[in-house]
1. By count of other Cβ within 10 Å, fewest leading, how are Val95, Val143 ordered?
2. What list of ³J(HN,Hα) couplings, whole Hz, do you get for region 90-99 from phi and the Karplus terms 6.51, -1.76, 1.60, once you set θ to phi - 60° and write x for glycine and proline?
3. If each of Leu117 and Ser55 carries a label point 7 Å out from its Cα toward its Cβ, how far apart are those two points in nm?
4. Past 25 Å, Cα to Cα: identify those pairs from Lys41/Lys142; Lys234/Lys367; Lys142/Lys352; Lys176/Lys236, in the order given.
5. Amide H neighbours of Ala350 under 5 Å, counting only residues 5+ apart in sequence or on other chains, H built in-plane at 1.01 Å?
6. At 0.36 nm per residue, and after removing the present C-alpha to C-alpha distance, how many nm does the segment from Ser144 to Lys372 gain when stretched out fully?
7. Testing the spin-label approximation: label points 7 Å from Cα along Cα→Cβ at Ser189 and Ser218. State their distance in nm.
8. Which order do Glu81, Glu58, Glu107 fall in if you start with the one that has the fewest other Cβ atoms within 10 Å?
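Every number in this text was worked out from the coordinates using simple rules, so none of it is lab data. Predicted model, so just to flag it, every value in this text is computed and none were measured. All Cβ positions, even for glycine, are placed from backbone atoms using ideal geometry, and neighbour counts span all protein chains on display.
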Amino acid sequence: MNTDSATSRRLAAGLVAVASALALTACAGSTTPGAEASTSKAATAVSLADIGALSDLETAAKAEGQLNVIALPHDWANYGEILQAFSAKYPGITVNEQSPDVSSAEEIQAAKTNQGLDTAPDVFDIGLTVALQNTDQFAAYKVSTWDDIPDNLKDSDGRFYGDYGGYMSIGYDSSKFPAPTSLDDLLGSTYKGAVAINGDPTQAGAAFAAVGLATVQSGGTLDDFQPGIDFFGKLKAAGNLLKVDVTTSTVTSGETPVVFDWDYLNAAHVADKASWKVTILPGTGYAGYYNQAINKNAPHPAAARLWEEFLYSDQVQNLWLKGGARPIRMAAMTKAGSIDAGLAAKLPEAPKDAVVPTAAQSDAAGKLLGDKWAAAIQ
């Protein structure tokens, strides 16, 4: 994927070809001599207190000199500016950006394929379903601002935790299509061959959420995603479902003129296509967060932990907000007065009623999708 295409970050690609597709180039150098002791201490640290002060973690990370990130397109939730800010703050740490287009599932596969190599990802940014399925791949670590993260949006042991989120929305080319006001609108002939989702819901968080939205908008609950699967089956039968990977290019070219995606990702297309508009359907909304996690076999464990401390700082939480996403610490920062109020005011109005799946609901839905999705849309 090109780094100018935010919405394809969670594209579903066949795992058959993952080993070769994710063969990472040897861009990360060996650990700096003399850093072994610091790296060893960081590798087992479950909080900053285990390392010392932030300055101690910074010293250890600078000694490692490298940070491997994966699946971070520059136009996804403002990651471009975030990566630049990290490099500006820590010029002695080279950030190696790998495979920005892969899905959450492929991030994990990359870690397994490259285990033991200095090219393995140090950190992950993944959807909840994949996080729940791979907790044994993560190192427990609680950032300094841990208490600001809502309990229902983090693993109690610190293996993964929400970072930013939003609401499932529908983006559309207003020059060709009216604003949909319900799911049923999308089943009509007006939207013939026009509706796409961002990836495969068995692998991609945004696509998973699209099925979740269809479920609750169809009178179902998050305890059973079958109504959402049924809706997309109807969309396919009506000839309205596009099996095209959504990217900024497909949106601007008109190839995917109506798209289910997170509100902050759909909103990002407005800069490239003036007629692109975003709507959140009335009724029950679907909210969701992506999650951070540290690879338990991270080749640069100190840099990995420093990256997490950086992401959960006020500075970067506001940078995610600048990208149109809702940072996980938003409520706490609003209360403390550290949120950027101007940016917060620009967010689209949230639904009055919205649901967020629990860990158990996400796990059950992931299994159901694995069993039923392919048959429903073939």
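1. Working: Val95 18, Val143 22.
Ascending number of Cβ neighbours within 10 Å: Val95, Val143.
2. Residue by residue, region 90-99 yields 10, x, x, 10, 7, 8, 9, 8, 10, 6 Hz.
3. Here the modelled spin labels are 3.9 nm apart.
4. Values: Lys41/Lys142 15 Å; Lys234/Lys367 21 Å; Lys142/Lys352 32 Å; Lys176/Lys236 20 Å.
Over 25 Å Cα-Cα: Lys142/Lys352.
5. Amide H to amide H, under 5 Å and 5 or more residues apart or across chains, Ala350 pairs with nothing.
6. Values: separation 228, 0.36 × 228 = 82.08 nm, distance 4.11 nm.
Working it through step by step, the gained length comes to 78.0 nm.
7. 2.4
8. Working: Glu81 16, Glu58 20, Glu107 27.
Result, fewest neighbours first: Glu81, Glu58, Glu107.
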